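Engineer: Can you read through this structure? Questions will come right after.
The values are calculated or read from the model by the stated rules, or taken from the named source; none is laboratory data. All of these numbers come straight from a predicted model, not from anything done at the bench. Ideal geometry is used to build each Cβ from the backbone, glycine not excepted, and the neighbour counts take in all protein chains shown. Calculation scope for accessible area: heavy atoms of the full protein, side chains included, ligands and nucleic acids excluded. Shrake-Rupley method; radii C 1.70, N 1.55, O 1.52, S 1.80 Å.
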Amino acid sequence: MGLLSLLVFLMMSCESSKPAASSEFGSPNRIKGEAIAKPDSRQIVHFTDSTAEYKTSRSDLARAFIKQFGDGTVIDKVQVRKAPADADAPASYFLIGMGLRNGMFRAMALPLTGGGDNTYYLRPAAERYTITSVGCAACFFNFENGRIVGTTCSENSAGSHCDLKVETNNTLFAAR
């Protein structure tokens, strides 16, 4: 575990295109149980034994991602993804929007907070992880222990990379 963490740290510290962000390795502020029922949190998905029932429609989520990007990025795919984690760690889920801007891949991931009934919420204070590709057909979020720790480019060609930007909040459903 220590060697893997050191390797990830060294790879990320050598990437000059990635902005320094002290919150990048911070774990999302998760709220457990009843504390989630705040008016500023948005119900996103409820998991049953066999399906994921979106409480906010995917089309509404795509429009909200487009507004959040605010730069012409068009989102055409929205999903909730379970983050890989150790077997004994609690499950972490991310709301992810993917699309294109000027032909370049873009994606944004936001950690969801679980309620006690398999319903997951988006908080305005949730971190925002944004990927912008440079020469990559697609970029992927890298996870470690249920957290986003970096990116991977689908291409192995010289000069291709994915830039990760981490911000401390989101305005996905804020009134404008």
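Engineer: Among the candidates F140, F105, single out the residue that is open to solvent by 40 Å² or more (accessible area, probe 1.4 Å) and assigned to a strand (DSSP E or B).
Structural biologist: Details: F105 fails: open to solvent by 40 Å² or more (accessible area, probe 1.4 Å).
When all the criteria are applied, what remains is F140.
Engineer: Taking S92 as the residue in question, decide whether it is small (G, A, S), surrounded by 12 or more Cβ atoms within 10 Å (Cβ to Cβ) and in contact with a Cys (Cβ under 8 Å, 6 or more places away or on another chain).
Structural biologist: Details: small (G, A, S): yes; surrounded by 12 or more Cβ atoms within 10 Å (Cβ to Cβ): yes; in contact with a Cys (Cβ under 8 Å, 6 or more places away or on another chain): no.
When the stated conditions are applied, S92 does not pass them.
Engineer: Would you pick out the residues in region 113-129 that are open to solvent by 10 Å² or more (accessible area, probe 1.4 Å) and either closer than 21 Å to T73 by Cβ or without any contact (Cβ under 8 Å) to a residue 24 or more places away in the chain (or both)? It would help to see each step written out before you state the result.
Structural biologist: So in region 113-129, the residues open to solvent by 10 Å² or more (accessible area, probe 1.4 Å) come out as 114-118, 120-121, 123-125, 127-128.
Result: P124, E127, R128.
Engineer: Looking at region 40-68, which of its residues are farther than 21 Å from T119 by Cα and without any contact (Cβ under 8 Å) to a residue 60 or more places away in the chain?
Structural biologist: Pass one, region 40-68, residues farther than 21 Å from T119 by Cα: 63, 66-68.
The answer is R63, I66.
Engineer: Checking the conditions here, which among S157, S59, S133 is surrounded by 14 or more Cβ atoms within 10 Å (Cβ to Cβ) and either hydroxyl-bearing (S, T, Y) or assigned to a loop (DSSP other than H, G, I, E, B) (or both)? Steps first, please.
Structural biologist: Values: S157 fails: surrounded by 14 or more Cβ atoms within 10 Å (Cβ to Cβ); S59 fails: surrounded by 14 or more Cβ atoms within 10 Å (Cβ to Cβ).
Selected residue: S133, the only one of S157, S59, S133 that is surrounded by 14 or more Cβ atoms within 10 Å (Cβ to Cβ) and either hydroxyl-bearing (S, T, Y) or assigned to a loop (DSSP other than H, G, I, E, B) (or both).
Engineer: With respect to the numbered conditions (1) more than 16 Å from G150 (Cα to Cα); (2) open to solvent by less than 50 Å² (accessible area, probe 1.4 Å); (3) modelled with pLDDT under 80; (4) of a type in the set (A, V, I, L, M, F, W, C), which one is the sole condition not fulfilled by M98?
Structural biologist: Result: M98 fails condition (3) only.
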